[in-house]
Amino acid sequence: MKTKIFLLLLLSSLFFIHCSRRQDLSSPVYRLWYDEPAGGWEEALPVGNGRIGAMIFGDPVNERIQLNEESLWAGCPVNNNNPAALEHLPEIRRMIFEGQYKKAYQMANDYLLGTPPRIRSHQTFGDLFLHYSPGSEIQNYRRELDLHTGVVTTSYESGGNKMNQEVFSSSPADMIVIRISGSAPFDVNLELTREKDAEFSVLPGGKMVMNGQIMDEERPVSGPAGAHMRFAALAYINNKGGELHSEGEQLSCKGVNALTIYLTLATNYELDQLDFNESIDPLEKCVSILQKEEVISFSAIKEAHLDDHRKMFDRVSISFGPDTLQDIPTDERLARVKQGGTDNGLVATYFQYGRYLLMGSSRKPGCLPANLQGLWNKDFNAPWNADFHTNINLQMNYWPAEVVNLSETSLVLARFMEKITLPGAVTAKEMYGTDGWTLHHLTDPFGRTGVADGVWGITPLDGPWMMFPLYRHYEYTQDKDYLRRIYPVIKGSAEFVAGFLVESPDGYLVTNPSHSPENAFYVPGTNRQEQSMLTYAATTDIQIIRKLFDMVEEATRVLDKDHEFAKKIEGIREKLPPVQIGENGTIQEWIHDYEEVEVGHRHMSHLLGLYPLAQITGETPELFEAARKTIERRLQSGGGHTGWSRAWIVNFYARLHNGEEAWNHVQQLLARSTLDNLFDTHPPFQIDGNFGGTAGIAEMLLQSHGGIIHLLPALPVSWAEGSVKGLKARGGFECDISWKDGKLTKAAIRSEKGGQVDVKYGGEQFPVDIRPGGEFVY
């Protein structure tokens with residue numbers, strides 16, 4: 001009798017706990033969910049482990065799981081440095097200094113443009129289809145991505161059979177796992193497909209194989225044709241009940257109660273070579289990975305995945321008050337915002353989704369940084385080749401990495417950039433006759449560093465620009481071992497700059513040729529009949545150089561080395577032109593006060609000094625006001641029309657401490673540039689807007705440049721109450737912040753290493769000294 005009473009009490013307590021958790025709206029729940037199958041790719045849900053990923057459509061009849069692997073790329077290594085560049089560089093520079101832009105353009109097109117000028121594309125890997133036997137009407141349908149767990153779940157009823165599908169991409173196991181179960185036996189045929197360059201087979205024992213090699217067609221502007229990267233996919237299928245047998249290239253599963261599919265993908269790419277390695281067998285790599293499945297159960301693989309995922313994801317939580325709309329499907333919530341509504345819970349989910357996507361596209365076991373589509377490219381010839389665009393986009397991908405407590409994602413980028421310095425040094429020497437290394441406005445996994453696409457790709461300072469996210473990792477972590485590792489990369493970039501600068505007619509040391517990314521100006525004296533992108537000393541270049549030199553000088557002090565080199569670049573810095581304000585009161589985009597061809601241009605590179613740098617702050621009031629006017633002028637003329645550009649504007653207004661305008665552009669980012677699955681759209685899909693948006697929301701709540709931790713620097717009225725836990729600040733600090741009625745109620749600042757920092761809130765600023773492992777509570 002006592003045992004029965006104990007069990008009843010235990011069951012009652014468990015029921016109470018379950019109900020309490022289910023009904024607690026104050027506990028943040030970050031999920032995307034829908035009550036219909038995905039009607040297209042823009043509604044499918046992503047999973048990723050940094051190396052391999054998938055998009056899940058949730059179709060109860062013909063389920064599609066689109067597969068991706070980070071390194072599956074058409075093309076091969078090519079030295080595309082124009083062999084005539086160095087010989088003709090002095091003449092091109094002279095023409096630019098003299099304002100002979102037409103001639104300079106023609107010569108640059110002939111003698112600086114890469115040979116070949118274009119790259120080939122990242123490619124989708126293929127698809128796994130699950131063809132179910134036609135059943136009765138689908139009821140109680142739901143598909144969901146739980147950001148806490150990284151699992152996409154699809155559930156529904158058909159003919160009384162309750163079906164459930166789980167999909168996740170495990171980093172510890174390095175495989176995609178799909179678990180399907182029913183309350184009654186079911187039939188399904190599995191099919192691996194790819195439109196080209198692959199063969200398929202079904203092997204005894206429930207195994208499915210894809211083997212392929214990219215066959216690049218003749219396209220001289222993109223490099224050599226031929227048989228290039230090899231790739232393979234391997235799936236092991238375990239069934240509970242029923243039977244498995246092959247039907248051609250499909251695996252038929254009849255009368256099963258449950259299926260578990262262990263799937264992995266591989267190529268013969270090798271980062272250390274920036275090339276594919278013919279000695280690597282991709283299928284053997286797949287076999288080696290899936291051998292884990294033979295000794296580890298599904299439950300153990302899932303448990304390890306959940307533990308690994310949560311250790312990263314749960315570092316940060318964010319809330320703007322109770323999410324009373326969490327039981328409304330995500331696409332409907334987004335539609336409300338598009339119609340002018342507000343949804344703070346959706347903003348919190350969007351913020352966490354950006355963290356989730358960065359985790360999924362830039363971490364071990366991966367070796368390549370997040371590309372223009374992260375990991376989730378659906379095409380063979382993707383928009384902009386899904387490349388590594390280095391004139392804002394790749395940099396933006398890593399804006400949130402440190403502040404949102406995902407520092408390890410930056411390490412993938414750092415390792416890649418270490419490898420890029422090798423072909424980058426060849427480019428610096430062959431094109432410009434300098435020491436050090438550089439690259440231009442894009443690269444690929446084969447290390448392309450010459451000028452690509454067109455004359456607008458002549459941006460030699462994009463290599464130095466890429467140093468910012470690398471150094472930011474040190475700023476936030478204070479990891480001196482890491483700084484020692486990347487210092488040669490940063491120094492090499494500064495060596496390139498020191499050799500590339502030339503004296504201008506104005507008496508400054510300047511970049512030439514130079515380019516304010518993708519924007520053009522009217523050539524003076526031509527009555528708007530002539531335009532030019534080429535110039536010297538575009539404002540963005542000057543801001544980049546000043547920050548690069550700051551980093552080198554700080555690193556030499558911290559590491560106690562290369563003091564003579566630091567003195568050398570300090571001498572160079574004194575001869576750089578200043579950032580100027582034009583007649584209209586805005587930040588001047590070029591060395592002279594030219595008239596822009598497109599006033600509302602999507603690029604705003606002359607405001608790098610405002611964000612992500614901190615050269616334009618309240619401590620420089622004239623430039624601060626000019627930056628504000630620059631943004632307003634851009635917006636009045638249609639600027640911010642792409643997703644990533646809108647995200648940049650959020651960060652700008654956060655730095656201007658204008659919470660209302662920052663919030664306004666968060667709203668517009670959701671309303672104008674977000675797909676139903678919350679992917680950013682340029683259009684088309686481009687993931688940088690997601691990452692820039694997440695960074696912007698963090699920037700509204702916490703800023704840490706200039707040796708000051710600034711709490712709630714741009715809090716809008718619409719976020720009257722809320723909390724954020726786990727954000728990182730420069731100097732190795734971690735912060736929790738709570739507020740109510742628009743006022744700070746509590747802040748906790750921790751530091752494992754300890755340190756001194758100024759803390760600012762409102763009009764109050766004071767110094768804080770935190771011991772190692774200690775905490776300051778405000």
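The table for this structure:
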read-out: Residue that is surrounded by the most Cβ atoms within 10 Å (Cβ to Cβ), among those in the range 169-185 that are hydroxyl-bearing (Ser, Thr, Tyr) and over 10 Å from residue 262 (Cβ atoms); value: 169
read-out: Condition check for residue 687: closer than 15 Å to residue 402 by Cα and among the β-branched types (Val, Ile, Thr); value: no
read-out: Those residues of the range 111-167 which are open to solvent by less than 10 Å² (accessible area, probe 1.4 Å) and modelled with pLDDT under 95, in sequence order; value: none
read-out: Count of residues meeting criterion [in a helix (DSSP H, G or I), in contact with a strand residue (DSSP E or B) (Cβ under 7 Å, 6 or more places away or on another chain) and of a type in the set (Val, Ile, Thr)] in the range 594-647; value: 1
read-out: Cβ pairs under 6 Å, 6+ apart, first in the range 273-295 and crowded, with 17+ Cβ neighbours inside 10 Å, second aliphatic (A, V, I, L, M) and in a loop (DSSP other than H, G, I, E, B); value: 292/173
read-out: Qualifying residue in the range 760-772 (condition: open to solvent by less than 30 Å² (accessible area, probe 1.4 Å), touching a residue at least 12 places away in the same chain (Cβ under 8 Å) and under 32 Å from the mean Cα position of the chain (by Cα)); value: no
read-out: Test: residue in the range 233-245 that is more than 30 Å from residue 160 (Cα to Cα) and buried (at least 19 other Cβ atoms within 10 Å of the Cβ); value: yes
read-out: Counted residues, the range 316-331 - those being open to solvent by 20 Å² or more (accessible area, probe 1.4 Å) and among the β-branched types (Val, Ile, Thr); value: 2
read-out: Residues within the range 460-496 that are in a loop (DSSP other than H, G, I, E, B) and open to solvent by less than 10 Å² (accessible area, probe 1.4 Å), tallied; value: 3
read-out: Index of the failed condition, residue 550 passing every other in (1) within 26 Å of the chain's Cα centre (by Cα); (2) over 18 Å from residue 469 (Cα atoms); (3) free of Cβ contacts under 8 Å to residues at least 24 places away in the same chain; value: (2)
read-out: Evaluation of residue 409 against (1) open to solvent by less than 10 Å² (accessible area, probe 1.4 Å); (2) not in a helix (DSSP H, G or I) (one fails), failing number; value: (2)
read-out: Residue list for the range 171-227, filter: acidic (Asp, Glu), under 30 Å from residue 300 (Cβ atoms) and touching a Pro at 6+ places or on another chain (Cβ under 9 Å); value: 174
read-out: Which numbered condition residue 603 misses (of (1) at pLDDT below 95; (2) more than 30 Å from residue 495 (Cα to Cα)); value: (2)
read-out: Sole exception among (1) part of a loop (DSSP other than H, G, I, E, B); (2) farther than 15 Å from residue 68 by Cα for residue 352, by number; value: (1)
read-out: Boolean, residue 376 is closer than 21 Å to residue 46 by Cβ and assigned to a loop (DSSP other than H, G, I, E, B); value: yes
read-out: Residues located in the range 740-778, provided they are in contact with a Gly (Cβ under 6 Å, 6 or more places away or on another chain) and of a type in the set (A, V, I, L, M, F, W, C); value: 757, 770
read-out: Hits in the range 647-689 - residues which are among the charged types (D, E, K, R) and open to solvent by 20 Å² or more (accessible area, probe 1.4 Å); value: 660, 661, 672, 676
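Matching residues to (1) in contact with a Leu (Cβ under 6 Å, 6 or more places away or on another chain); (2) of a type in the set (Ser, Thr, Tyr); (3) open to solvent by less than 40 Å² (accessible area, probe 1.4 Å):
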residue: 306; (1), (2), (3): no, no, yes
residue: 314; (1), (2), (3): no, no, no
residue: 333; (1), (2), (3): yes, no, yes
residue: 339; (1), (2), (3): no, no, no
residue: 345; (1), (2), (3): yes, no, yes
residue: 349; (1), (2), (3): no, yes, yes
residue: 369; (1), (2), (3): yes, no, yes
residue: 373; (1), (2), (3): no, no, yes
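Table: residues versus (1) of a type in the set (Val, Ile, Thr); (2) without any contact (Cβ under 8 Å) to a residue 60 or more places away in the chain.
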{"residue": "60", "(1), (2)": "no, no"}
{"residue": "65", "(1), (2)": "yes, no"}
{"residue": "72", "(1), (2)": "no, no"}
{"residue": "76", "(1), (2)": "no, no"}
{"residue": "81", "(1), (2)": "no, no"}
{"residue": "88", "(1), (2)": "no, yes"}
{"residue": "93", "(1), (2)": "no, no"}
{"residue": "98", "(1), (2)": "no, yes"}
{"residue": "101", "(1), (2)": "no, no"}
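The values are calculated or read from the model by the stated rules, or taken from the named source; none is laboratory data. It should be emphasised that the depicted structure is a prediction, and the values quoted were computed from it without experimental measurement. Note that we place each Cβ from the backbone using ideal geometry, even for glycine, and neighbour counts take in every protein chain shown. For the accessible areas, the whole protein counts, side chains as well, though only heavy atoms, and no ligand, DNA or RNA atoms are used. Shrake-Rupley method; radii C 1.70, N 1.55, O 1.52, S 1.80 Å.
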